[in-house]
Structures are given as structure tokens and as C-alpha cells.
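Remarks on the structure that follows.
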Amino acid sequence: MTETVQLEKTFEPKIVGFLCKWCSYAGADLAGTSRMKYPPNLNVIRVNCSGRIDPSLLLKALASGADGVLIAGCHPGDCHYTNGNIKTLRRFRLLQRMLDQFGIERERVRLEWISASEGERFARVVRSMTEEIRSLGPLNWKTTMEVAA
Amino acid sequence: MQSYLYFPGCTLRTVAKDYDTSAKACARALGFELKEMQGWLCCGAVLSNVEDNLMTKAGPNRILARAEQEGDRLVTLCAGCYNVLKRTDLHAKLASPTQQSINTFNEDSYNGGVTVVHFLEVIRDQVGFDVIERAVKVPLKGLRVGAYYGCLLLRPSGEMKFDDPNRPSILENLLKRLGCTPIDYPARTDCCGSYLSVGSPENSQPMSGAIVKSAHSCGAKLLAVGCPLCKYNLESSQLPGAKNAPAEEFLPVVYFTQLLGLALGLRPEELELDTQQMQAIHEAQTRTLEGREWH
Amino acid sequence: MKRVGVFVCHCGLNIARTVNVKEIIEKTSKRSDIVFAADHKYLCSEPGQALIKDSIRQHKLDAIVVAACSPAMHEATFKTIAQLSGLNRYNCEIANIREQSSWVHDDPDKATAKAQITVSQTIEKVKLNEPLQPITVPVTRKVLVIGGGIAGIRAALDVANAGYQVYLVEKSGSIGGRMAQLSETFPTLDCAICILGPLMVEVYRHPNIKLFRLSKIEEVRGYIGNFKVKVRQEPEYVDVAKCNACGECAKVCPSEIPNEFDFGLTWRKAIYTPFAQAVPPAYVLDAKNCLGLLPQACGECKKACDQLGTACINLDAWQQTHELEVGAIIVATGYELYDATKLTEYGYGTYPDVMTSIEFERMLSASGPTLGEIKRPSDGRVPREIVFIQCAGQREPETALPYCSKICCMYTARHAMMFHEKVPDGQTYVFYMDIRAGGKGYEEFVKRCQEERGLLYLRGRVAKVYEENGKLVVKGVDTISGKKVQINADLVVLAVGMIPSAGSKELASTLKASLDANGFFSEAHPKLRPLESPTAGIYLAGAGQSPKDIPETVAQASGAASKALDLLSSPTLEREPTVAQVLESCSGCGICIPGCPYDALSLNANTKLAEVSEALCEGCGTCVATCPSSSLSLRNLTDQQMLAMIEAIVA
Amino acid sequence: MKPKIAFNWASSCGGCEIAIFELGAKIIDLTNKVDIVFWPAVMDYKYSDLEAMPEKSIDVSFFNGAIQNSENEHLAQVLRAKSKLLVAFGSCAYLGGIPSLANTSDRDHIFANSYKETSTTENPEKTFPQTNVHIDEGELTLPEFYNTVKTLDQVADVDYYVPGCPPVGEQVSKVISQFVGGELPPKGAVLGASEKSLCHECKRVRTDRKISKIVRSYQTTSDPKKCLLEQGIICMGPATRGGCGSICLDANMPCRGCYGPLPKSIDQGAKMLSALSSIFDADSEEDIQRLVDSVPDPLGTFYRFGLAHSLMRRTKQ
């Protein structure tokens, strides 16, 4: 208990969010226009479709200092580009298996379906993700890589 | 023998002893026991009108915290306790800031490990009405019973999720299995007046009186309840001197557990049914059976 | 290196209240790669835009970042300003520090810090943007209208009258929709079908409108200006062209079922006409209730029809699929009513004399089940005491609908008035929460009903309704007198709410158009773009978008039509040039090809390397992520730009 | 005066040395053209001799093998100092190669495994390598074994890269002649390889770019004419530089990716993962998961030769 309190004071997770412009970014905007509050730990990169997210970019974020990554797209069946989100899903599931091998906790990297009307859901996702990562502590991949001796 | 953790509550220790006894007897007859939880205390139903809603939850949280040590399901009989405990549990599972302060206030904090259920739910979901029907030794043929729900079992429906708040059926379904003839009457979900009977009976008595009238006019010969306070109000509203007491003959009020017990072939004394009540029950049965009744 | 300028908007206090704009300007101007940074109270205002324009000229900027509201809001505005100031519009980028920062965070320091990152990541992106020219593509100058209610009818007529081809798709056997079921309309008490009928006929006769009844949208491909639509039409057992609606077929039909048009208050045959004024004026064979088509069980209708020589019935008809090409789509799918049986406190479904307002509406209608007479369904007696319950299952977030359907106050007043006309000695009670009579002549109308007709309006809700010796006991409260009221009524009418019509969800995902939390089609912007779906080329009309009355519906329908016409007015359309491009390292492995939903990728016959058709590419970038050799790139969202932005965030 | 050349091997199998002998007779006229001043695999040199050489006195050093211990790193730095040009020769020096799969583990586990757990090991005294040990004759030292294997350019400034495990013969001679009086591309270039993926030179036919099952090459007899991916065998070819002449595929073996990522690629393994999963013939969660689970050891498959060079470089200890 006290320990987590300690963490909350010291550690603010850095989360990179890739949001598809049609559903999830619009959902985030709705959260904004509805003045819903959520922690400021996530910074958003707006892409046309979650299908644009190359796993390399996600690894890049983690390797260069992010504590977590969120990919958010339209619900299956609602993709503005028919099925870009399904390709994202395929990649993500395989990536998850590989991230397990790298020893990265699943809570750090999430794929969420958030529609344009789900502002509340977006806020909720950011809240829970921030909390979960905060309790996991920093990822610090740079130091992980530097452990030579 | 299968046993369920059981929270009696204050009333079932005093005026509603018969509710407690009959329920335990039924349980035994049905092959399970109600194991009383350690160190239970007042559920705080009386506090539910208090302004400071934090305090109303501190007590019940303590109960749930203690229950948690003994099991994951807590059975209640009194509709009041059921309402308070179930809603307290729901609130706890929300893990809200209020809940945190309650947990810090209480010496032992509750972690939401308990499901609060009513005895009715146990016999419906755990035992099963079919089993009950097969276990019936003395079908209560011709007994025209008006099931009375009141508020606390059903409302707020969003939280209680016990039955349809406007058209409940669980009691009727049980009574049917016992051989009774459940009577549908409009007032069965109306409020009996609750604690008003303590401070201002002149306000509560007409309320419960109306319920009795409604049951009467629909042909009920007996009222079955699941709440000591309801029972008290329904009875006292019929006593001479009660404000506009119903003109009709006295309508006995019993606990559904007592009818269940009778049907299961238990003796009246095991169910704390007094001779007066038994008389009324027999009377009601025979009248309808001999067709002396209209309907 | 690019000369980049940054402009930060206060948005009045919307941004400035939580985000420290000055601090952002300070930090940003310190950057070696920033030539100029300035803030303004309202960048979107004329002086704000002037500031941007002048600064671009004065400081010879060749790229700008505008830190303001969501790009969904003003991206176009600022890109245009950039263009007018001599910049390529693709050298302007928006940093969203309002929806994504000032509005969602309380702590000014944290909000500012986050906004700062958003700004720098956008700077990193714009530095690597390349100037682009829009791609022009041809527009298919035809419109698809989905739904044949008053909204669809109005929209279809407007587009058709402007001289463009319209396809009108209706799922039932006739157009007309809900309005055709109404008796009168408020506040003028026009006979609904009398004003709707002529429009229905006009649609049917219009040379530019092709009507598909019994049809559904199966598939929609393509994009604004160039949609490819598949429409599935149920078997047309009755030849619309030949049928003269003589009704002989129905006479001999042995199968009788409740008539949905009258909500089961009357009966119809398995071959029937939806209602007297149905358009197209032809009978419909309802295969579900026909004694049997495969194998044929009865065939009486066909015999009768053939004997008359009309011979318009073909019992072996098959369903057909029509492939349409359109430039714009207007969604006018309308509404249904909330299932009143869910409102157990009112006993609908248990007591026959508790009915919904639309059922009552049918009863009022001269062509309705009782030919306009008001009778109790239970015993056919004329009710003396009638209770109307407004907001039935509405404005109840916990148990039923959270929203207000907007029209109930009005039609209930009308119903009460009509009842009073027909049963002058009757007594009317109306339970209401509050009267919402916003609209031309609406308030006056309600007042008139209340005062002249002596209707009893009780402000409060009904707790329960139950039957007691042949009467419906309505228990409620009058919050004005503060008294509990009990009314022994003969008839109870529930004003249940409007919900989106069945199939809206499937249609939405076929169209890739989003729905709101209540299942209505959501608009691109609640204030500024109420006629458009967020998906380009799809326009909204009527109660499918939100509950509304007839005048509003018609207005929105004409609005949606003019939006579509605006699109069709030019033979070509400019498309975003931010499409995929193939890099020289492509080896022609072909892995990207099957993934493209638009068939924009192919292997060149000679080089055997991948190539992108810019006219087809929608710029989703899925192929870029797929390409194993990093030989595909998305214009102005390249991997290099993504990396730069990531670095900016985690730095 | 003849240009001076050095060869060195660090953490490697020695295959790269053999690759040089693939020059065959050409080695003779190579020695006529250049002075080989350092080549431990072939002749006995002392590090002291090397350390004694003046700065930048060697024209080109070909360095093969990954950096897995302090000796590797020391040599890398010395050679860097002594040479005008330092070339990462072969997949290990360039990408980390097979040795860098050790980055999925760490020193303690590797030692435990090699000196204790393997069934063929007999080590009752539980002796483990020590960096220095006292014996009567004095002190014995061993290089320090690293937790994390690195590429050459992670410890020293590298001028050029030559991929391959090992680099194929004709590419080697091409590269060497490039250095001996040939034209040299800008610093940092990858030599002796194609700028396009292996698919470009692969002779197999591609029909349907879909994957409905995944098998390992020993589990099936694959059609030598059809693309292996389409037969469910994971081939790294699409995400790997060509230039090797697709020799593995001609031997009906899938590409393992030893020639490394393409010019614009951010991460070879992630790229292959993305391409592979993108063409999975599955849309439902269940079908997708089924295919995903059938991929054997993703990390080891996609980073067989490139873990040290990848974005993540290693797993979390």
C-alpha cells in the first residue's frame, strides 16, 4: 500500500498512443468536448487507420523510453477502410507473443477498439492504463539494453 | 451437509424469532444448514435515513469484512438487512474513494469477496423449485395466499436485481409449488409504511391498511411476507384502534418460510406457528376446498 | 532546412484557462529550428488568421504549426489560410491542445507540459512534410437515398428535381413511413396522409427517381463521389408495373395475420396492400405468412389474378441484387417505438386497454381500425375517462431511455384534443414532467388544448397502473398540489419514446458511418455539420439521426439533399494526396497486394514491382505497415515522421 | 607501397574466415596486392605486436564476429585506432548474428547451462569461468563474459558493413577489390549485398499471398518451385537483403535473414512479423489466435541473426 503511494508520487508513466482518425481520435475529441477528465500521461499520434501502425514503431517507442503504448482503432466491422483494424489485430496478437518473450508485461501494450461515440470509454482506457503501468513501474528499456557487464 | 453462511440480524433475534426458526427448520428439511456468521452486528438499516451516508456503510462493511473470513456467500432473511448488505457490497465493489475511506476507518477492510443473497434466492437457485415441489409432503391445497413484497426486496431495482420491481413473481412461483393458490393483487409491491410506524403510526397504518384491503378484495385469505417490519405493520394496521383499519375480518400474516415448512411436513411448533395462525390457515383451506367460497 | 513558424491559440479561455500559452511560446521560440512563434486569443478569427498570414509573409515561413483545437474542427480553415499566404497547404499541421489537453486535464502544469510535447511532436512532423497537390477524381453524379419515409421522400424529390438520378431504397412494401400512419399533424391538424400522399405519388412518377421497395443495402464500397452499392431486393412476386391493385388476390387468400400497419388492431392477408394510399400502388406477397411457395401450397391468388387477365403474380420470383454506382448517400432510416412491454409499471401487454400513442394514432385515423372511432380494445366501449402518460420510459437513464423524444408533448396535446372532439363529455388527464413545446405555434397549440378543452394536466409521474373491477387504476402524483392522485380510467395511452429503426446498426457498419451512444446516426459536428455523417459523402436526414418532428425532418432532408447536390455540382472532386508511394527498394514480393481494400496496389507488368493507383488509394497506410522491405511509404506520414514524433514524445 | 590489411575474428564460428578462403587462388594475387599485417586465424600474431603499431597504420581491418566479451571489445577498439577503415564483416559483426541470441538469456544462465545443466557436462567441483584465478605459478586471467552481446558498431565506429553468415564468395572478392583501388560508397554503406529484398532474386513462383497454416520445414516436403511462405514455411526473404544469390532457397531451405534489414527498414524482425501476420488468412479472434500460436518461437525466428542490431537488442532479465 504505502509502496504504491510512493510510486504514485515519484513515477509518471509515459504512454504513446496511436489513434485512428475516424473512430478513436474522434472518441478522444468527444471526451474532450464532454470535459471528461483523465491523466495527462498519454500523448497521441493521429493516424488515418490503426492499420498504419507498423510493429517496428511500437517497438521503437518502447525501446526509446515509453513505459507503454496504446493502439486504438474502430470496432471490428466498423473500420473506415473496411478491415485495416483486422490486420492490426493479426499483427498485434503475434506481437503480443513476441513481447512476452522480450519480457514486457501485457499491461504496457494495449489494443483497444474505441468508436467515435465512446469518449467515456477512451477516458476509462487512459485512466486504467496509466494506473496499471504506474503500479508496474518504469520500463526503462534503455538501461535494460545497456546491461553489458 | 451443505451449509450456507447466514446473517440473522437484530429483529430475527427478538420479535421475528419465528422467521429465523422456520427458515432454519426448512433448511434442515431441505438438507442444508444456515451457519450463523461470527461476530455479526446490526446491519445499520435504521441508519439508512441518516444524512451522513458514510456512517450508514461503515457498520455493514464491517459485517461483510468479517463474513469474508468465513465464506464467499452470505444468506439473509430480513428484507431490510438484505437490502442494506447487498447495496453495501455493490458500493464496495465500485472501489470508490468513499469506500477507501470506509476501509481506512474500519479496522478490518472489506475486499468485496462476498455475494449477498436472500434465502429465497438460495431455494430458487441453489435448491431449485423443482426439488422443493418434489419435497412437498403436505400440499397447501386451496390456500389463497397474497404474497407481499414491499419495497426492500425489489428496490432500487437497478441495484437489487432481485425481481421485476413492478411485476415480481418469485414468491408466487414458490407458493404455487407448495400447492397454494397465489392471489395477484395490485398493492403487493406498495410500501407498508416502514419505520413511520415508530414515530407516526397515523401515517403508516393507512398505508399498510390499504395493502390488506387490496389483498382482501382480491380474495386473499392469508398474507405471506419476507420482512419482519412489513409483517408488523400489516398486522398492527388491522388491530382495533388502528387508523382506518380495514372493516374485513382479520387477515393473518405469516412468513413464507412458515408456509414452506408446513408444506415440507414440519410441525407447527417447529415453525413457531401459534394455534391462532394454524386455525386461520385450516379455516381458509377448508372453506375454499368445500367450495363455500366464491371465486 | 525549413523555416517553421508556430501559432498557439488561447481559444478564449478554453485553452488558456489550463494551458499556459505564454510558456509554450517561450519554450518554442527557444528552439533552434523555430523561426517565429506567436499566440492569439482566437486564431480562427479574422484578426487571428491575419496574424498567421502576415507572419508567414514577413518571416518567409515555409511551414507552420497551429496549436489549437482538434483538426476535426479547423484543420481545413488553417490549411487554407496557409495556402492563401503562399504556402503549400500540406506544410500546415495542427497540434490539438484543446480536446487533447486543456479540456481533459485539471492540473495547469501537467496540461501545459503535455501540450508542449504535442506542439514539438507536430513541429517534428511538419519539418518532414513534403508539398503536395490534391488529386482530382471524377464524381458519379447520382444519389442513393436509404429509407422511404417523409425524410427520404423529400430528399429524393429535391435531388431529382435538380436533375440528378436518385435511387430510393425502402425496406417495406411501400414508401410513406411513419407519417403515413399518422392521422393528423400538430399544430395545424392537417390530415397527415392528405399532405404526404401527393409527394409519394410524385416520387413514383418522377423520371429521375428509381424506387426499390422490399430492399436492403447489402454492401457499400468506394468513397465519397464514387460509391459502389449492392442492393438486395426481396422477390417481387407481384409485378409492380402490371398490378392494378384490384385486390381480387387478397379476397381469395386463405392466410390471415395481424396487420403491422395498424399494430395488430386489424387483420390482413398474406397478399395485401400495406395501406390504401401505398406507393407503389401494387400488392405485396408476404412469403413468411403465405401457405407455401416452395413447394407451392395454395396459389389461389395467382389463379384469381390470371383469371382477371392481369396476370401480375409470379410465385417463382427470386430475390435480385442491384449494383448501383452513386456519388452521395442520404441516410433517412427513421425511427421505431420503444417496446412498452418493458415498462411493467404501466401494464402494457397485460391490460388490453393500455395502449401506445401510435396505436391510439391509428385509432384516431379515419382509415384506421375503428374508422376514427375511439373504442376500448377490450370491450369496444367508448372510453369516458382517458389518461395520457407522457415521457413513458423516457428521460430515465437507469431503467429505460435517457433522452427526450421531443415530439410527445405535442402529439399528446393533439391526441387529448382529438379525444375531446370525439368524446365531448369525456374527461382527459395528462401526466407530464414538463411541457416542451418549442416550435412555431407549438406553445400556443398546447395552451389552446389545455384552456379551451379543459384538459387536466397533472405535473408528475405515474407509479403504477392496474386493473380493478373493469377500470384501470392509475396511481400517480401531482407534484404541484403535492398530492397523490388515483384515477380510475377506461383507457391509458403511453407516450413511448423514439428509438432508431431496426437495422440501423448493421447499416452503420456497412456504410462505415458511426452511431451515437443511443444508436442514432452521429453527425460530423453537432453544431456546424448536423447534416453530414463523419464519413465523407454520407448525409443524414430525419429521425434516424435524432428524434425530431415533421417540419424539422423535412428541413433536414432538404438540407441533406442540398449537401449532396453541392458535391454533385462539379464533375470532379479533389482528394487528399496523402497516399501511399512505392520506393526504389521494392522487390515485387507482392505481400502488400491482397491487403488493399481498394485494389489500389498492383504489380507492374514490366518491372514486376508494386505500383499505387493514386486515384484509388485512400491513404489508410495499412500497406506501409505490411511491406516487409519498408519499400512503401505514406505521403506526409512516413516512417521517418512517425519516428521523429515518437522521439519527441518520449524524449 | 602496398595497402595494409588486417583480419580479425571475435565472437564467431569462424565461417567468415572460411569465406575468405573461398577466394581460392585469388588469395595469392591478393597477397601480391596487399600486406596482411594481422590475421590470428591464419598466422600467429601477438596482440602486443598489434598494439605496438602506429595509429591509422592499417588501411582496412575486416572484423568478423560479435562482441561478447572484454577481449572482443578490446580488439575492436585497438583495431579501430590502428585502422583507417574498419569493416564489420559478416552477420555477427554487423547484426550480432547467432551469438546475439544469447541476449535472450544472461551470463549466469548461460554459464549454468554450459558448465552444469547440460547432460553431457561433468563438473563435480562446480567450476565456472573466472576473470582471474591465483595458482602457484601466479595469476591466470580470462576475458570477462558479457551479459549482452553487442554488434561491432555498438562498441566502435564502423565505416562499412558486409552482411552474410558467411558473406558469399563472389561478394567477398567484389568487396575486397572495392577496397583495393576500387570506388568506395559513402561511410556507413552496406557492401556486398543488394539494395532490394531476397524475393527480387528468388526464382520461386508466387501465386496467392495468403497464409492459412504454418509449418516447420522438417514437417513437410515443400514444393521447390513455389514460394515457401505460401506453403506455410516462414521465409525471412521478404524482409532480408538479397545479394546472396538465394542459395538457401535453391537448397529448398527458407531464408533465415542473415543478410539483414533493407535500407529503409527500422527493424528487420518487426517488419517480417508485420508482413507475415498481415497476410494471415483469418479474420476472427479465434482463427487469428490459432495461426499466431502456430508460429514457432517468434523472437528466435524473426531475430535469428539480428537481435543485437534490433530495436530491443535483448530480452528483459
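The values are calculated or read from the model by the stated rules, or taken from the named source; none is laboratory data. Since we're looking at a predicted model, the values are computed, not measured. Glycine gets a Cβ as well: all are built from the backbone with ideal geometry, and neighbour counts include every protein chain shown.
Among the residues that make up the range D:241-257, is at least one of them farther than 22 Å from residue C:642 by Cα and of a type in the set (Lys, Arg)?
Yes, the conditions are met somewhere in the range D:241-257.
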Exercise for the section: Would you confirm whether any residue within the range C:501-508 is surrounded by fewer than 16 Cβ atoms within 10 Å (Cβ to Cβ) and in contact with a Phe, Trp or Tyr (Cβ under 9 Å, 6 or more places away or on another chain)? Expected result: no
Exercise for the section: Only one of these is over 14 Å from residue D:149 (Cβ atoms) and at pLDDT 95 or above: D:79, D:30, D:23. Name it. Expected result: D:79
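Which ones in the range B:210-237 are surrounded by fewer than 23 Cβ atoms within 10 Å (Cβ to Cβ) and of a type outside the set (Ser, Thr, Tyr)?
B:210, B:213, B:216, B:218, B:219, B:235
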Fill in the blank from the handout: Only one of D:152, D:142 is aliphatic (A, V, I, L, M), within 30 Å of residue D:247 (Cβ to Cβ) and touching a residue at least 12 places away in the same chain (Cβ under 8 Å), namely D:152
Handout entry: residue C:5, sole failed condition from (1) buried (at least 20 other Cβ atoms within 10 Å of the Cβ); (2) part of a helix (DSSP H, G or I)
Key = (2)
Exercise for the section: For residue C:496, indicate whether it is within 14 Å of another protein chain (Cβ to nearest Cβ) and within 18 Å of residue C:346 (Cβ to Cβ). Expected result: no
Exercise for the section: Quick one: in the range D:195-208, of everything that is surrounded by fewer than 20 Cβ atoms within 10 Å (Cβ to Cβ) and either at the interface with chain C (Cβ under 8 Å from one of its Cβ atoms) or out of contact with any Leu (no Cβ under 8 Å at 6 or more places or on another chain) (or both), which residue is farthest from residue C:594 (Cα to Cα)? Expected result: D:195
Practice task
With respect to residue D:240, determine if the residue is among the β-branched types (Val, Ile, Thr) and either more than 30 Å from residue D:173 (Cβ to Cβ) or surrounded by fewer than 24 Cβ atoms within 10 Å (Cβ to Cβ) (or both).
Solution key: no
Exercise for the section: Counting only residues that are within 17 Å of the chain's Cα centre (by Cα), under 21 Å from residue D:189 (Cα atoms) and not assigned by TED's automatic domain parsing to the domain that holds residue D:67, give me the helices (runs of 4 or more DSSP H) lying completely in the range D:244-316 with at least 2 of them. Expected result: D:268-278
Completion exercise
For residue B:132, the lone unmet condition from (1) closer than 18 Å to residue B:22 by Cβ; (2) of a type in the set (Val, Ile, Thr); (3) touching a Ser or Thr at 6+ places or on another chain (Cβ under 7 Å) is (3)
Problem - Set D:2, D:56: member being over 23 Å from the mean Cα position of the chain (by Cα) and modelled with pLDDT of 95 or more - result: D:56
Practice task
Check every one of the strands (runs of 3 or more DSSP E) wholly within the range B:1-114 and list those with 3 or more residues that are hydroxyl-bearing (Ser, Thr, Tyr).
Solution key: B:2-7
Problem - Output for the range D:303-317, where each listed residue is within 9 Å of chain A (Cβ to nearest Cβ), buried (at least 24 other Cβ atoms within 10 Å of the Cβ) and hydrophobic (A, V, I, L, M, F, W, C) - result: D:312
Practice task
Would you mind finding the one in D:281, D:267 that is within 10 Å of chain C (Cβ to nearest Cβ) and in contact with a strand residue (DSSP E or B) (Cβ under 7 Å, 6 or more places away or on another chain)?
Solution key: D:281
Fill in the blank from the handout: Checked D:162, D:190 against criteria (within 14 Å of chain C (Cβ to nearest Cβ), in contact with a strand residue (DSSP E or B) (Cβ under 6 Å, 6 or more places away or on another chain) and of a type in the set (Val, Ile, Thr)); the one match is D:190
Exercise for the section: Being under 22 Å from residue D:166 (Cα atoms) and either more than 10 Å from chain A (Cβ to nearest Cβ) or surrounded by 24 or more Cβ atoms within 10 Å (Cβ to Cβ) (or both) is the filter here, so list the residues in the range D:284-302 that pass it. Expected result: D:302
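Residues checked against (1) out of contact with any helix residue (DSSP H, G or I) (no Cβ under 9 Å at 6 or more places or on another chain); (2) surrounded by fewer than 20 Cβ atoms within 10 Å (Cβ to Cβ):
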site	(1), (2)
C:207	no, yes
C:210	yes, yes
C:225	no, no
C:228	yes, yes
C:232	yes, yes
C:247	yes, yes
C:253	no, no
C:259	yes, yes
Problem - Residue check, residue C:124 outside any helix (DSSP H, G or I), of a type in the set (D, E, K, R), modelled with pLDDT of 95 or more and more than 30 Å from residue C:332 (Cα to Cα) - result: no
Practice task
Among residues belonging to the range A:51-105 that are at the interface with chain D (Cβ under 10 Å from one of its Cβ atoms) and among the acidic types (Asp, Glu), point out the one that is surrounded by the most Cβ atoms within 10 Å (Cβ to Cβ).
Solution key: A:54
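So for the range C:589-612 (the condition being outside any helix (DSSP H, G or I), within 14 Å of chain A (Cβ to nearest Cβ), within 27 Å of residue A:60 (Cα to Cα) and more than 33 Å from the chain's Cα centre (by Cα)), does at least one residue qualify?
yes
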Handout entry: Of all residues making up the range D:73-122, the number that are under 21 Å from residue D:8 (Cα atoms) and part of a helix (DSSP H, G or I)
Key = 18
Exercise for the section: Using the structure shown, decide if residue C:224 is more than 30 Å from residue C:417 (Cβ to Cβ), modelled with pLDDT under 95 and within 22 Å of the chain's Cα centre (by Cα). Expected result: yes
Practice task
Please go through the range C:80-131 and pick out each residue that is of a type in the set (Val, Ile, Thr) and more than 29 Å from residue A:39 (Cα to Cα).
Solution key: C:80, C:81
Practice task
May I ask you to verify whether residue C:637 is more than 25 Å from residue D:268 (Cβ to Cβ) and assigned to a loop (DSSP other than H, G, I, E, B)?
Solution key: no
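Among the listed residues D:162, D:158, which satisfies the condition of being assigned by TED's automatic domain parsing to the domain that holds residue D:21, more than 17 Å from residue D:73 (Cα to Cα) and among the hydrophobic types (A, V, I, L, M, F, W, C)?
D:162
Being small (Gly, Ala, Ser), in contact with a Cys (Cβ under 8 Å, 6 or more places away or on another chain) and outside any helix (DSSP H, G or I) is true for just one of C:67, C:37, C:82. Which residue is that?
None of the other options fit; the residue is C:67.
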